[in-house]
Amino acid sequence: MGMFSVGKKSAPIGLDIGTNLFRAVQLAPGSPKPQLINYGSIKVPVGAVVEGEIVDVEAAGYALSQLWKTAGFTSKNVIIGIASQRVVVRLVGMPYMDQSELAGAIQFQAQDYIPIPVEEAIIDAQIVSEYLGENEEKMMEVLLVAAQRDMVNNTVSAVEQAGLKPQIIDLSAFAIVRSLLADDSFFLSEEGAEEETAVSAAALINISSGLTNIVVVEQGVPRFARVTPLAGNDLTQAIADSLGLTFDEAEELKTKVGLPEIGGEQLPVPSDLPDNLKIHVEAAQSIMENQVGHFIAEIRRSLDYYLTQATQIRNITRLVITGSGAKLNNFGAYIERGLQAKVEIGAPLNQVQPSPKIPPDMLADDELSLAVSLGLALRSFQ
């Protein structure tokens, strides 16, 4: 995907704009895979980022400048990932033309497909396939992306205020595909042979603190992307509101206890859980189960909507989950039961060679949270 270039192309650092944390990943050339030489994160000031959008440019810019100082990144060039409900992704059919002609044509036709006024949007498009229409007319499928201009401008302003140099703005959804699907072998059947009766598809679900990205991929091509504000913070806030806890207390309770095992025995209360929180374990798990039910229903609605538009796909039976929310104990099992589909935990680090200077334990703990920033950094290497 071309997306929105704003500077000279280079091999920039991948920058993930999150609600709770900013994360950045730096790669260097390596063989056979790029080398992960550095990464870091920093807490985002409360309220600076809301549902994926920077609303306090000054606070966000300062946090980014501090991230670069503490992490010791050796480049200021960045590729930025954006994820918001004010980003629209559509797959549309158009008469065939060259990619060079598409840029001009899409500006005139985009309004037919997007709810954002064209003059308020930044628009990009990429040809993904060609086919013959009803009258044997040569047609093409185009992946159309539109983002609210003011949202993009705020992001660029914050990055530049930090002294960084934005090179490209990409969709976090596409970065997730890049970090999880190395090659087309992901779309082979379990026996290793191509499916002959139907096109294979998978849903990638990145659950962060403030947003969840849902991407459906067919044969390596992203064909559907949606962002929902239901994410990890909703579980934490529900616990805090119901039990009269602070947000930080509820977050600790959530992450240390997790969801109860499906049909299994109650696990012992973690020994490192503060005494004032131990009395809330059962209630917290009940609250989380209820919230996870809402989350699964939202995912199901998104996938069902995609399936009503698809021509060759009747069912999605494979899901890959990543993001900080995916680390919640037993979350994958609940999604698998709710959606009746095989759930796998993503492995973004399979795409790179970690530097021996980075402690393996730290990497193992952070891997799921790096899917977006790593995928952004990989753009220059794939």
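The values are calculated or read from the model by the stated rules, or taken from the named source; none is laboratory data. Here the structure is a predicted model, which is why all the values come from computation and not from measurement. Positions of Cβ are backbone-derived with ideal geometry, glycine not excepted, and every protein chain shown enters the neighbour counts.
One table, with the values for the structure above:
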{"item": "Top-ranked residue of region 301-337 - restricted to ones that are of a type in the set (Gly, Ala, Ser) and either more than 30 Å from ALA250 (Cβ to Cβ) or in contact with a helix residue (DSSP H, G or I) (Cβ under 8 Å, 6 or more places away or on another chain) (or both), ranked as modelled with the lowest pLDDT", "result": "ALA310"}
{"item": "Hits in region 133-177 - residues which are in contact (Cβ under 8 Å) with a residue 60 or more places away in the chain, within 19 Å of GLU51 (Cβ to Cβ) and assigned to a strand (DSSP E or B)", "result": "VAL145, ALA147, GLN148, ILE169, ASP170, LEU171"}
{"item": "Meets criteria (among the aromatic types (Phe, Trp, Tyr) and buried (at least 18 other Cβ atoms within 10 Å of the Cβ)) for PHE224", "result": "yes"}
{"item": "Filtered residue count, region 330-355, keeping only those that are within 30 Å of GLN26 (Cα to Cα) and more than 20 Å from the chain's Cα centre (by Cα)", "result": "3"}
{"item": "Selection within region 283-298 - farther than 11 Å from TYR334 by Cβ and either out of contact with any Lys or Arg (no Cβ under 8 Å at 6 or more places or on another chain) or acidic (Asp, Glu) (or both)", "result": "ALA283, GLN285, SER286, ILE287, ASN290, HIS294, ALA297, GLU298"}
{"item": "Count - residues of region 65-122 that are farther than 23 Å from ARG379 by Cβ and of a type in the set (Val, Ile, Thr)", "result": "5"}
{"item": "Hits in region 307-327 (condition: closer than 27 Å to LEU368 by Cβ, among the hydroxyl-bearing types (Ser, Thr, Tyr) and surrounded by fewer than 21 Cβ atoms within 10 Å (Cβ to Cβ))", "result": "THR317"}
{"item": "Number of positions in region 295-346 that are without any contact (Cβ under 8 Å) to a residue 24 or more places away in the chain and closer than 22 Å to ASP366 by Cα", "result": "1"}
{"item": "Failed condition for GLY81, given (1) of a type outside the set (Ser, Thr, Tyr); (2) part of a helix (DSSP H, G or I); (3) in contact (Cβ under 8 Å) with a residue 40 or more places away in the chain", "result": "(2)"}
{"item": "Members of region 217-266 found to be free of Cβ contacts under 8 Å to residues at least 60 places away in the same chain and either in contact with a Lys or Arg (Cβ under 6 Å, 6 or more places away or on another chain) or of a type in the set (A, V, I, L, M) (or both), listed by number", "result": "VAL217, THR236, ALA238, ILE239, ALA240, LEU243, LEU245, ALA250, LEU253"}
{"item": "Selection count where residues are touching a residue at least 60 places away in the same chain (Cβ under 8 Å), of a type in the set (Val, Ile, Thr) and surrounded by fewer than 20 Cβ atoms within 10 Å (Cβ to Cβ), scope region 51-78", "result": "2"}
{"item": "Qualifying residue in region 335-349 (condition: loosely packed, with under 13 Cβ neighbours inside 10 Å, touching a strand residue (DSSP E or B) at 6+ places or on another chain (Cβ under 9 Å) and part of a helix (DSSP H, G or I))", "result": "no"}
{"item": "Filter result for GLN237 (surrounded by fewer than 24 Cβ atoms within 10 Å (Cβ to Cβ) and closer than 20 Å to ARG178 by Cα)", "result": "no"}
{"item": "Conditions (1) surrounded by 16 or more Cβ atoms within 10 Å (Cβ to Cβ); (2) polar (S, T, N, Q); (3) outside any strand (DSSP E or B); (4) modelled with pLDDT of 95 or more: number failed by SER209", "result": "(4)"}
